[in-house]
Amino acid sequence: MKKFEEKTIKTESIYDGKIIKLQVDDVTLPNGKTAKRELVKHQGAVAVIPITKDNKIVFVEQYRKPLEKSIIEIPAGKLEPGEEPEATAVRELEEETGYTTRELSFVTSFYSSPGFADELLHIYITDQLEKLEHPVAGDDDEFVEVLELTLDEAKQYVEEERIQDAKTNYAVLYLHALGQM
């Protein structure tokens with residue numbers, strides 16, 4: 001038995017969408033009582049910390065409907081069924097930034113919101129960027145603007161709350177901790 005395990009009694013599927021699935025589980029708690037858990041099921045995602053030859057971090061700015069505003073993020077996207085995270089990382093880098101790379105290093109994986117979602121986010125880094133001669137078309141419903149910032153500028157954006165999402169804050173902290181930029 002797993003520590004503090006909650007055993008599922010019943011699962012009710014609420015929504016099966018393109019990006020997420022929603023379900024409500026009835027569970028038995030470790031103390032024998034029951035509770036409901038609202039769950040978001042997600043395929044998983046990948047993000048890339050791309051660093052240019054002149055030591056700038058490549059970000060994208062895009063509108064995020066749940067927030068009703070544009071935010072600045074590292075390039076990222078969801079895994080397609082059967083797609084390896086490294087392949088997703090390169091695809092998203094190309095679609096969102098116009099750069100590609102032949103060399104990615106794995107940094108870490110983490111759950112983005114484990115209180116209600118199972119999304120596992122894989123983070124990669126590259127400093128071997130090459131500009132694509134013919135940019136790859138991105139998603140039809142995705143509009144992004146590319147920004148290149150120094151680490152100091154990125155830290156300032158965090159302080160000003162222009163960078164607010166977890167994966168991008170993580171990327172800035174990670175680069176700061178490396179102390180190499």
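The values are calculated or read from the model by the stated rules, or taken from the named source; none is laboratory data. Quantities reported herein were computed from a predicted structural model and do not represent experimental measurements. Glycine gets a Cβ as well: all are built from the backbone with ideal geometry, and neighbour counts include every protein chain shown. Calculation scope for accessible area: heavy atoms of the full protein, side chains included, ligands and nucleic acids excluded. Shrake-Rupley method; radii C 1.70, N 1.55, O 1.52, S 1.80 Å.
Points worth noting:
- If only the Cβ of Lys and Arg carry +1 and only the Cβ of Asp and Glu carry -1, the dipole of the chain around its Cα centre is close to 1000 debye.
- Between residue 31 and residue 70, the contour length at 0.36 nm per residue exceeds the alpha carbon distance by 9.6 nm.
- 143, 116, reordered so the largest accessible area comes first (probe 1.4 Å): 143, 116
- Solvent-accessible area per residue, Å², over the chain with all protein chains present [probe radius 1.4 Å]: 62
- Of the solvent-accessible surface of segment 75-181, computed with a 1.4 Å probe over protein heavy atoms with every protein chain present, carbon and sulfur atoms account for 48 percent.
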